[in-house]
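Scroll down for the structure; my scribbles are underneath it.
The values are calculated or read from the model by the stated rules, or taken from the named source; none is laboratory data. All of these numbers come straight from a predicted model, not from anything done at the bench. Here the Cβ positions follow ideal geometry from the backbone for every residue, glycine too, while neighbour counts run over all protein chains shown.
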Amino acid sequence: MEGHCLCKQVHFSVSDDIVTVVNCHCNLCRKMNGSAFSTYVVVQEPQFHLLSGEVKSVQVSENASKQYCQHCGTPVYNKNPKLPGLTIVYLGAIDCGVNLTPVMNIYCESQLNWVTEIATLTHFEQGVS
């Protein structure tokens, strides 16, 4: 599998040998990503290869560093010292991410109460005009 940032300056590959795909509902992920929750593809560190471009790193907490494209700001992956040997890749940065499905929700004590109702909301194939 391959992935890119929005401006395509960062290009990476990830092995198909995925540890797991998770939705994280913790307050840290919500704040650092500006979303209701974050979806990650977790791989063994040797399975992630930065092919081109440079990522900038920011230490967001004692347990999380976020690597993102220094040009467009797209988050690419996280590292967590509590999870040694793993690379936590943002699902949205993976080109075939639509083919991957989360298998669990974590940190649900922080989950926004409306998240479980997402499937019942009105759907539009395109944006609303």
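Taking LEU86, is it surrounded by 18 or more Cβ atoms within 10 Å (Cβ to Cβ), in contact (Cβ under 8 Å) with a residue 12 or more places away in the chain and farther than 21 Å from LEU6 by Cβ?
Details: surrounded by 18 or more Cβ atoms within 10 Å (Cβ to Cβ): yes; in contact (Cβ under 8 Å) with a residue 12 or more places away in the chain: yes; farther than 21 Å from LEU6 by Cβ: yes.
Yes, satisfied.
Here is a yes/no grid of residues against (1) over 15 Å from the mean Cα position of the chain (by Cα); (2) modelled with pLDDT under 95; (3) among the basic types (Lys, Arg):
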| position | (1), (2), (3) |
| --- | --- |
| VAL43 | no, no, no |
| PHE48 | no, no, no |
| LEU51 | yes, no, no |
| SER57 | no, no, no |
| ASN63 | yes, yes, no |
| CYS69 | no, no, no |
| CYS72 | yes, no, no |
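Restricting the search to segment 1-49, which residues are among the hydrophobic types (A, V, I, L, M, F, W, C) and loosely packed, with under 14 Cβ neighbours inside 10 Å?
Of segment 1-49, the ones among the hydrophobic types (A, V, I, L, M, F, W, C) are 1, 5-7, 10, 12, 14, 18-19, 21-22, 24, 26, 28-29, 32, 36-37, 41-43, 48.
Of everything in segment 1-49, those that are among the hydrophobic types (A, V, I, L, M, F, W, C) and loosely packed, with under 14 Cβ neighbours inside 10 Å turn out to be LEU6, CYS7.
Could you list, in sequence order, the residues of segment 92-124 that are over 21 Å from GLY34 (Cα atoms) and hydrophobic (A, V, I, L, M, F, W, C)?
CYS96, LEU100, VAL103, PHE124, listed by residue number.
It is to be established whether one or more residues within segment 47-59 are within 28 Å of THR116 (Cα to Cα) and of a type outside the set (Phe, Trp, Tyr). Before you say what the answer is, go through the steps one by one.
Taking segment 47-59 and keeping what is within 28 Å of THR116 (Cα to Cα), we get none.
Checked segment 47-59: no residue is within 28 Å of THR116 (Cα to Cα) and of a type outside the set (Phe, Trp, Tyr).
If a residue has to be in contact with a strand residue (DSSP E or B) (Cβ under 7 Å, 6 or more places away or on another chain) and not in a helix (DSSP H, G or I) to count, how many in segment 27-49 make the cut? First the steps, then the outcome.
Here is the first cut: in segment 27-49, the residues in contact with a strand residue (DSSP E or B) (Cβ under 7 Å, 6 or more places away or on another chain) are 28-29, 32-33, 37-45, 47-49.
Keeping just the survivors that are not in a helix (DSSP H, G or I) gives 37-44, 48-49.
Adding up the residues that qualify gives 10.
So, of the residues in segment 50-67 that are in contact (Cβ under 8 Å) with a residue 24 or more places away in the chain and assigned to a strand (DSSP E or B), which turns out to be surrounded by the most Cβ atoms within 10 Å (Cβ to Cβ)?
Looking at residues that are in contact (Cβ under 8 Å) with a residue 24 or more places away in the chain and assigned to a strand (DSSP E or B), I get LYS66.
How many residues, within segment 97-108, are surrounded by fewer than 13 Cβ atoms within 10 Å (Cβ to Cβ) and either among the β-branched types (Val, Ile, Thr) or modelled with pLDDT of 95 or more (or both)? Break it down stepwise before answering.
Step one: list which residues in segment 97-108 are surrounded by fewer than 13 Cβ atoms within 10 Å (Cβ to Cβ), which gives 98-99, 101, 103-104.
Adding the requirement that they be either among the β-branched types (Val, Ile, Thr) or modelled with pLDDT of 95 or more (or both) leaves 98, 101, 103-104.
Matching residues across segment 97-108 total 4.
Restricting attention to segment 81-117, which residues are out of contact with any helix residue (DSSP H, G or I) (no Cβ under 8 Å at 6 or more places or on another chain), outside any loop (DSSP other than H, G, I, E, B) and farther than 19 Å from ASN27 by Cβ?
Matches in segment 81-117: VAL89, GLY92, ALA93, ILE94, VAL98, ASN99, GLU117.
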